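The values are calculated or read from the model by the stated rules, or taken from the named source; none is laboratory data. Please read these numbers as outputs of a predicted model, since none were measured by experiment. Counting neighbours? That spans all protein chains shown, and the Cβs are built from the backbone with ideal geometry, glycine included.
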Amino acid sequence: MATTAKTKAKRAEARKTTKSSAKGAGGTDDAIALLEGDHREVEEYFDLYEKSDDDDEKADLAEKICLALTVHAQIEEEIFYPAARKATGDKDLLDEAAVEHACAKDLIAQIEGMEAGDELYDAKVKVLGEQIRHHVKEEEEELFPEVKKAKMDVTGITQQLAARKKALMAELGGEEK
């Protein structure tokens with residue numbers, strides 16, 4: 001499915017809005033803001049990838065995408081999802097999110113085992129982007145509102161998420177933003 005200019009403009013505006021609302025003491029106000037900030041960051045990488053015709057730039061962006069998604073998925077699975085499952089009792093939504101993470105990890109592994117310019121490389125990055133956009137939409141439109149409604153202590157786990165993210169970024173060779 002092709003991405004239209006109107007869709008890209010909406011995404012860009014959403015990124016700006018979330019980035020500005022996610023800033024607070026220590027970088028975020030709560031766990032949801034931290035996770036949404038991650039969503040905007042990776043969406044920006046995908047948008048830049050789609051605009052690029054340079055294999056070196058694509059390789060760099062794909063590396064950033066894969067690292068960001070790997071770290072993000074891990075902090076969600078280790079910290080956020082268990083707390084959300086306990087607070088909301090919504091087994092189905094969180095099971096679906098876990099399956100979506102597994103599919104993303106499979107594509108990430110395939111992309112990491114390839115070189116930019118290889119056959120199907122662009123297609124795999126594009127499909128990963130589509131899957132992630134779908135996953136993000138469900139989290140932000142379904143899971144996060146449910147978590148807020150359940151009155152989960154999203155502020156209480158923010159420091160855990162931030163600390164684990166920083167440790168994973170250092171361990172996997174990235175820089176914590």
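Residue-by-condition table, conditions (1) of a type outside the set (Val, Ile, Thr); (2) buried (at least 16 other Cβ atoms within 10 Å of the Cβ); (3) closer than 20 Å to Leu161 by Cα:
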{"site": "Glu44", "(1), (2), (3)": "yes, yes, no"}
{"site": "Leu48", "(1), (2), (3)": "yes, no, no"}
{"site": "Asp56", "(1), (2), (3)": "yes, no, no"}
{"site": "Asp60", "(1), (2), (3)": "yes, yes, no"}
{"site": "Cys66", "(1), (2), (3)": "yes, yes, yes"}
{"site": "Phe80", "(1), (2), (3)": "yes, yes, yes"}
{"site": "Gly89", "(1), (2), (3)": "yes, no, no"}
{"site": "Leu107", "(1), (2), (3)": "yes, yes, no"}
{"site": "Glu119", "(1), (2), (3)": "yes, no, no"}
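Note on the range 105-140: among residues that are in a loop (DSSP other than H, G, I, E, B) and in contact (Cβ under 8 Å) with a residue 24 or more places away in the chain, the one that is farthest from the chain's Cα centre (by Cα) is Gly117. Applying the criterion of being out of contact with any helix residue (DSSP H, G or I) (no Cβ under 9 Å at 6 or more places or on another chain) and of a type outside the set (D, E, K, R) to the residues of the range 86-101, the residue that is farthest from Asp60 (Cα to Cα) is Gly89.
Conditions (1) surrounded by fewer than 16 Cβ atoms within 10 Å (Cβ to Cβ); (2) of a type outside the set (Gly, Ala, Ser), marked per residue:
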residue	(1), (2)
Glu140	no, yes
Pro145	yes, yes
Lys151	yes, yes
Ala162	no, no
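For every residue, the table says whether it meets (1) farther than 18 Å from Leu107 by Cα; (2) at pLDDT 95 or above; (3) of a type in the set (A, V, I, L, M, F, W, C).
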{"position": "Glu41", "(1), (2), (3)": "yes, yes, no"}
{"position": "Phe46", "(1), (2), (3)": "no, yes, yes"}
{"position": "Ser52", "(1), (2), (3)": "yes, yes, no"}
{"position": "Glu57", "(1), (2), (3)": "yes, yes, no"}
{"position": "Asp60", "(1), (2), (3)": "no, yes, no"}
{"position": "Thr70", "(1), (2), (3)": "no, yes, no"}
{"position": "Ala73", "(1), (2), (3)": "no, yes, yes"}
{"position": "Tyr81", "(1), (2), (3)": "yes, yes, no"}
{"position": "Ala84", "(1), (2), (3)": "yes, yes, yes"}
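Every condition in (1) part of a helix (DSSP H, G or I); (2) without any contact (Cβ under 8 Å) to a residue 60 or more places away in the chain; (3) farther than 21 Å from Glu43 by Cα holds for Arg164 except the one numbered (2).
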